[in-house]
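Input: a single structure, listed below in structure tokens.
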Amino acid sequence: MCEGAIAIIARRKLILSLAALFALNIALISLVQSARAEAYERGDSGATVREIQSRLRDWGYYDGSVDGIYGSATEKAVRYFQEVNGLSVDGVAGRATLEALGLPTGEYSAGEDASGELALLARLISAEARGEPYAGQVAVGAVVLNRVEHPSFPNTIAEVIYQPGAFSCLLDGQWDEPVADSAWSAARDALAGADPSGGAIYYFNPSTATSAWIWSRPEILTIGNHRFCA
């Protein structure tokens, strides 16, 4: 084989090697970006950052510009939000913080929608009604949605769930447990309009309730261990 042919083959091998290396680098970059796509911190920008700022501003945690740029003011607001809502205070809008804001987190049960509201409602149902009959799980989700529509409560799912003292699961550790598969289905059904609670805006477990006030609420029905009330 002549030297010219050998040189051509060598160049082709080099080109193929460089192309393979380039493809590998692109794949690694994509993997890294995907891994951190659900966490936002100082220096990031875009539509999700703008939505984070908008929600923090609407809820009184942020008074800066909604410009889609995660700067020091946004980081400070995120820290404030995390502190008030019992989250890990690091100034990074990761899974738990995005979920608390009612924004998509990318973490969901196989085959389910990853929307922020669905994920948040499913976690609440799982934490509050784990082990309850399926109808009771849907009813707990319906109570949250009934409160959203009621003039005496906040008007978003996230605000209802994080209203101080509204749900004991945020204080007793149940909130951090894995979300049960049935809770995803129950949340989806509640969001679709199912309401086994009969329009309830309260519920409690008669076996464990210690509040005299909750016992005074008019009973609608009982499902499993929960009494649903007007």
Cut-off under 5 Å, modelled amide H: who pairs with Ile223 long-range: Phe228
Normalised contact order of region 116-229, rounded percent, pairs of Cα under 8 Å and 6 or more residues apart: 34 percent
Estimated vicinal HN-Hα couplings, Hz - region 131-142 in sequence order (Karplus 6.51, -1.76, 1.60; Gly, Pro = x): x, 7, x, 4, 4, x, 5, 4, 5, 5, x, 5
DSSP-assigned coil residues among GluC sites (Glu not before Pro) in region 35-73, each with at most 13 further Cβ atoms within 10 Å: none
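For Tyr202, Tyr80, what ranking results if the residue with the fewest other Cβ atoms within 10 Å of its Cβ goes first?
Ordered by Cβ neighbours within 10 Å, fewest first: Tyr80, Tyr202.
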Under the Karplus curve 6.51 cos²θ - 1.76 cosθ + 1.60, θ = phi - 60°, whole-Hz ³J(HN,Hα) for region 146-156, x wherever Gly or Pro sits: 5, 5, 4, 8, 8, x, 8, 10, x, 10, 9
Under 5 Å, built H, 5+ apart or other chain: amide partners of Tyr202: Cys229
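Filter the trypsin sites (Lys or Arg not before Pro) in region 122-222 to those in DSSP coil with at most 16 other Cβ atoms within 10 Å of their Cβ, and list the result.
On the way: sites: Arg123, Arg130, Arg147, Arg188; in loops: Arg130.
Passing sites in region 122-222 are Arg130.
How would you rank Asp90, Asp195, going from fewest to most other Cβ atoms within 10 Å of each one's own Cβ?
The fewest-first ordering by Cβ neighbours comes to Asp90, Asp195.
None of the figures in this text is laboratory data; all of them are computed from the coordinates on show. Note that the structure is a prediction, hence the values are computed from the model and not measured. No Cβ is skipped: glycine too gets one built from the backbone with ideal geometry, and neighbour counts run over all protein chains shown.
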